[in-house]
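Notes to accompany the following structure.
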Amino acid sequence: MIIARTSPPDGNSLTTRADMISLRPMTKASTPFMAAALDQARQAQDAGEVPVGAAIVDSRTGEILAAAHNHTETDADPTAHAEMLVLRAAAARLGVPRLPDCDLYVTLEPCPMCAQAISFARIRRLYFGASDPKGGGVEHGPRIFDQPTCHHAPEIYGGIGEAEASRLLKEFFSARR
Ligand SMILES: [Zn+2]
């Protein structure tokens, strides 16, 4: 399992600049797709849903197969997390039960349910934004991909688009208080 984290740029040290340069290929490739996930998160906020968005990309073509945000309130469905929705939509669109050539972008660390579904779907790479110490299941809690019962772990890249993803979540929860 690979966990790569981008560090927030401080713009001062040469080391940081060098790190940014070395991260550029991955960041560049992932930015438009995480932007699509963040756009979904903003739509979730407008819909009164927890602002989490996801997009799933066919790595062979670079096409976004599906993008969605949380729908648990709208659909009265406890499983309608953004990741579950894009996995279902992408699999239905390709007519296959597993997505080994696909990459999933999500603005928040997936919960244990979604992490397990990502494993079942054989997702190639997982890119996520903010960490979720309270509800996450990748770097926190049950760490689904590290378990012996987990038979496929994607490559994992955390901290992509983290600042914007965190800001949306903080705004949402502070408005609810
Ligand atoms: Zn989830």
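Answer yes if at least one residue in region 34-55 is at pLDDT below 95 and surrounded by 18 or more Cβ atoms within 10 Å (Cβ to Cβ), and no otherwise.
Yes, there is a match, as at least one residue in region 34-55 is at pLDDT below 95 and surrounded by 18 or more Cβ atoms within 10 Å (Cβ to Cβ).
Please work out if ALA68 is over 28 Å from ARG167 (Cβ atoms), under 15 Å from the mean Cα position of the chain (by Cα) and either surrounded by 23 or more Cβ atoms within 10 Å (Cβ to Cβ) or near the ligand (Cβ under 9 Å from one of its atoms) (or both).
In short, no.
Out of everything in region 127-176 that is in a strand (DSSP E or B) and not hydroxyl-bearing (Ser, Thr, Tyr), what residue ends up being farthest from SER59 (Cα to Cα)?
Here the answer is ALA130.
Test ALA80 against the stated conditions and say whether it is within 16 Å of the ligand (Cβ to nearest atom), modelled with pLDDT of 95 or more and of a type outside the set (Val, Ile, Thr).
yes
Six or more apart or on different chains, Cβ under 9 Å: which pairs go from a residue in region 127-141 that's over 16 Å from TYR105 (Cα atoms) to one that's within 13 Å of the ligand (Cβ to nearest atom) and of a type in the set (A, V, I, L, M)? Could you list them?
GLY135/LEU108
Just to be sure I understand, how many residues within region 71-85 are in contact with a Gly (Cβ under 9 Å, 6 or more places away or on another chain) and either surrounded by fewer than 21 Cβ atoms within 10 Å (Cβ to Cβ) or among the β-branched types (Val, Ile, Thr) (or both)?
Result for region 71-85: 2.
Looking only at region 93-114, how many residues end up being within 12 Å of the ligand (Cβ to nearest atom) and either over 23 Å from ASP39 (Cβ atoms) or assigned to a strand (DSSP E or B) (or both)?
Looking only at that region, the number is 6.
Given the options GLY136, GLY161, name the one that is within 14 Å of the ligand (Cβ to nearest atom) and closer than 16 Å to ALA54 by Cβ.
GLY136
Go through region 140-177 residue by residue and tally those that are in contact with a Gly (Cβ under 9 Å, 6 or more places away or on another chain) and basic (Lys, Arg).
1
Quick one: count up the residues across region 115-126 that are surrounded by 18 or more Cβ atoms within 10 Å (Cβ to Cβ), more than 12 Å from the ligand (Cβ to nearest atom), part of a helix (DSSP H, G or I) and not hydroxyl-bearing (Ser, Thr, Tyr).
Qualifying residue count, region 115-126: 0.
Here's the yes/no breakdown for (1) farther than 19 Å from ILE156 by Cβ; (2) touching a residue at least 60 places away in the same chain (Cβ under 8 Å):
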site	(1), (2)
MET34	no, yes
ASP39	yes, no
ARG42	yes, yes
GLY48	yes, no
PRO51	yes, yes
ARG60	yes, no
ALA68	yes, no
ASP77	yes, no
ASP103	no, yes
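The values are calculated or read from the model by the stated rules, or taken from the named source; none is laboratory data. Not measured: the values here are computed from a predicted model. As a convention, Cβ positions derive from the backbone with ideal geometry for all residues, glycine included, and neighbour counts pool all protein chains shown.
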